[in-house]
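*Asks:* Please read through the structure below; I'll follow up with questions.
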Amino acid sequence: MGRIVKSRIGLLIVGAALTVALVALATRSVVRWRNLRAVDRMVAAHQIPRAVDFVTSHFRLDRPDGWRALRHLSIAVLRQGLDDRDPYDRCYAATSLVDYGDWTGRRVIDASSNAKDLFQQKAVVEGLAEARDARAVELLRKFYTTGDRRLKSWTIEALAENGNHRALPLLLEATTSSNQGIKIWGIWGLGRLHDRRVVSYLRALQVKETDPLILAAIAHTLLALGDRTIGSIELIEAVFYDPNPDRASDAALELGDAADSLAVPQLKAALMNTELDLTIRLAAAVALTHYGNRDGLRLLQTVAADPYTNGELAPLLLNLNFNISRSLLISAMSSHNVVLQLAATEAIGRLGGRTEIGILTAALDKTSESFMTAQIAWSLGRLARPECIPPLVALLKSSNPTVRNSAADGLVRTTNRLLTGSNQ
């Protein structure tokens, strides 16, 4: 057999193999398309448990194809959630979709932002602020421009807490507000962007400012941006001794973020001073954890177990050093105080990692409350590891819309992370 004949036979074999491969790929694509259309029909018919079972039986949930199917199902569930009876459930579904570039729920967002219920307005602002969609920031700018003082404040606070760099122009605008609270949140928000280009702007603002609280906020933000300007710690310390306990406790937390060991003796002194307001002592205890100091843990644990005072601890949990405070947070998840319980579960979702998945999953067996179950689903979604998929899939079958929507949101976050290869 000649060389040319052999070459032609080789080409025929390769061509045949490619044809078989392409046919197999096309067949798999058609089957996958049909399966996903079947899922859509089940969700549209409100047969979500059946749709979940269909996906788990037709796809491998430890592979990309299965992750895409789970994501498809979860997006469909969130879209259906736009018609839930409860306006807060509708708002959660709509703003969760925005986080994934889906504006199907715009009508729900508009209705929530114009609702007479102020907390519904707050919910839509906080949901949009978590999204990284440019249109969400533009809509929040509209709220800030046209809303009343309360809506303006909620908007800037939500943007400041989420560190979205798209919000930089709006945060800069907030630093020129005549309202002290809005101005402070705008300044704090600049620190969370980790953009050193604003350092010179803040220094210029510092020269013109006379309000000690705003000066302390500027000092805190400069420290957060790595600018060790002389006097920054002293400005925060001045507020630390303010007679207003809320202002002093905020300053204590800022000293914790300052990463300056010179603040430790003052924080310890405040911790031990029983004549100080409890909120200041708690803030000092929390701040000390950022220096690897455990001196305040006993006070934190005592307050967490006290039904009369443990409500004051809840707002501070996200400021803890997680490595030092892990056991405290796990214990607080079992508190009889619902607010503390939810705050601890949220903190574990935001601050924890793979080792906390088992803690959250075990907690599902110990609670019958839908709000706690939904919070666990939310936290699992923030951890977003492969081990989060089984419990979230199970929760997706819940008859409770709040739980179901939280699980759907968690599954989209988890599968997105896996599909982009950013799993840790």
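*Asks:* Here are the criteria: (1) closer than 18 Å to Arg166 by Cβ; (2) among the hydroxyl-bearing types (Ser, Thr, Tyr); (3) modelled with pLDDT of 95 or more. Tell me which single one Thr145 does not satisfy.
*Replies:* Thr145 satisfies all of (1) closer than 18 Å to Arg166 by Cβ; (2) among the hydroxyl-bearing types (Ser, Thr, Tyr); (3) modelled with pLDDT of 95 or more except (3).
*Asks:* Just to be sure I understand, how many residues within the range 287-299 are surrounded by fewer than 24 Cβ atoms within 10 Å (Cβ to Cβ) and not in a loop (DSSP other than H, G, I, E, B)?
*Replies:* 4
*Asks:* Please tell me if Ser331 is farther than 25 Å from Leu267 by Cα and either in a helix (DSSP H, G or I) or out of contact with any Gly (no Cβ under 7 Å at 6 or more places or on another chain) (or both).
*Replies:* No, not satisfied.
*Asks:* Check the range 57-73 and report whether any residue there is outside any helix (DSSP H, G or I), touching a Gly at 6+ places or on another chain (Cβ under 9 Å), surrounded by 16 or more Cβ atoms within 10 Å (Cβ to Cβ) and not acidic (Asp, Glu). Please lay out each step first, then the result.
*Replies:* Within the range 57-73, the subset outside any helix (DSSP H, G or I) is 59-63.
Checking the rest, the ones that are also touching a Gly at 6+ places or on another chain (Cβ under 9 Å) come to 59-60.
Remaining after also requiring surrounded by 16 or more Cβ atoms within 10 Å (Cβ to Cβ): 59.
From the residues that got through so far, the ones that are not acidic (Asp, Glu) too are 59.
For the range 57-73, residues outside any helix (DSSP H, G or I), touching a Gly at 6+ places or on another chain (Cβ under 9 Å), surrounded by 16 or more Cβ atoms within 10 Å (Cβ to Cβ) and not acidic (Asp, Glu): present.
*Asks:* If you don't mind, another one. When you scan the range 241-250, how many residues do you find that are under 29 Å from the mean Cα position of the chain (by Cα) and either of a type in the set (Phe, Trp, Tyr) or under 17 Å from Thr210 (Cα atoms) (or both)?
*Replies:* Our first condition is that a residue be under 29 Å from the mean Cα position of the chain (by Cα); within the range 241-250, this holds for 245-250.
Next, from what is left, pick out any that are either of a type in the set (Phe, Trp, Tyr) or under 17 Å from Thr210 (Cα atoms) (or both): 247.
Counting residues in the range 241-250 that are under 29 Å from the mean Cα position of the chain (by Cα) and either of a type in the set (Phe, Trp, Tyr) or under 17 Å from Thr210 (Cα atoms) (or both) gives 1.
*Asks:* Could you check the range 260-318 and list, in sequence order, the residues that are within 22 Å of Ala238 (Cβ to Cβ) and among the polar types (S, T, N, Q)?
*Replies:* Of everything in the range 260-318, those that are within 22 Å of Ala238 (Cβ to Cβ) and among the polar types (S, T, N, Q) turn out to be Ser261, Gln266, Asn273, Thr279.
*Asks:* Within the range 332-354, take every residue that is hydroxyl-bearing (Ser, Thr, Tyr) and at pLDDT below 95 and give me the one that is nearest to Gly311 (Cα to Cα).
*Replies:* Restricting to residues being hydroxyl-bearing (Ser, Thr, Tyr) and at pLDDT below 95, the top hit is Ser335.
*Asks:* Could you please find all residues in the range 311-334 being buried (at least 20 other Cβ atoms within 10 Å of the Cβ) and over 18 Å from Ala252 (Cβ atoms)?
*Replies:* Within the range 311-334, Leu329, Ala332, Met333 meet the criteria.
The values are calculated or read from the model by the stated rules, or taken from the named source; none is laboratory data. Please read all numbers here as calculations on a predicted model, not as lab measurements. All Cβ positions, even for glycine, are placed from backbone atoms using ideal geometry, and neighbour counts span all protein chains on display.
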